[in-house]
C-alpha cells in the first residue's frame, strides 16, 4: 500500500509537503515556465514501493500518490531505490547522481520505464523539473 502520510514516505524529501512545494516552485520558476511551454508529460516517480504521478504542463505541475492496485497511468516512470534518489537530491551529488542520464547509466537499480520518446520530446522541461527537486530538498 502506498504511503498516505509524510512519516510513511521512503525519503522525507518526497513527502506530501515536499511535492506541494515542488508544484509551487514550478509555477514560480521562469526557466521551467519557458521550457514547459508545450509540455504535456505524465511521469511516475518510484522510490522503492512508493509511487507518485506527476503531470508536467506549461508553467505547472500537479501530482498525486498512486493508489494501490491501480495500473500505470504515466507516459514514463523513473524508478530507483531510496539510496539513488538520496544521492541525486544531495546538495553536491556524487558521481553518477548529477542528472537523470547519469543515474540511468551508472546507478544499479535505477531505471526508466515505458517508451522514452515522450521524455525525449520534453527533455528540457523534464531536466529543469528534476533540477528543481534538489532546490526543494
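Residues that are within 26 Å of residue 27 (Cα to Cα) and buried (at least 18 other Cβ atoms within 10 Å of the Cβ) occur at least once in the stretch 108-121.
Conditions (1) out of contact with any strand residue (DSSP E or B) (no Cβ under 7 Å at 6 or more places or on another chain); (2) under 15 Å from residue 13 (Cα atoms), marked per residue:
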{"residue": "75", "(1), (2)": "no, no"}
{"residue": "79", "(1), (2)": "no, no"}
{"residue": "82", "(1), (2)": "no, yes"}
{"residue": "89", "(1), (2)": "yes, yes"}
{"residue": "96", "(1), (2)": "yes, no"}
{"residue": "131", "(1), (2)": "yes, yes"}
{"residue": "134", "(1), (2)": "yes, yes"}
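For the stretch 30-45, taking the residues that are in contact (Cβ under 8 Å) with a residue 60 or more places away in the chain and buried (at least 20 other Cβ atoms within 10 Å of the Cβ), the one that is nearest to the chain's Cα centre (by Cα) is identified as 43. Filter the stretch 12-22 for residues that are surrounded by fewer than 18 Cβ atoms within 10 Å (Cβ to Cβ) and touching a strand residue (DSSP E or B) at 6+ places or on another chain (Cβ under 9 Å); which is modelled with the lowest pLDDT? The qualifying residue modelled with the lowest pLDDT is 16.
The values are calculated or read from the model by the stated rules, or taken from the named source; none is laboratory data. None of these values were measured; they are calculated from a predicted model. All Cβ positions, even for glycine, are placed from backbone atoms using ideal geometry, and neighbour counts span all protein chains on display.
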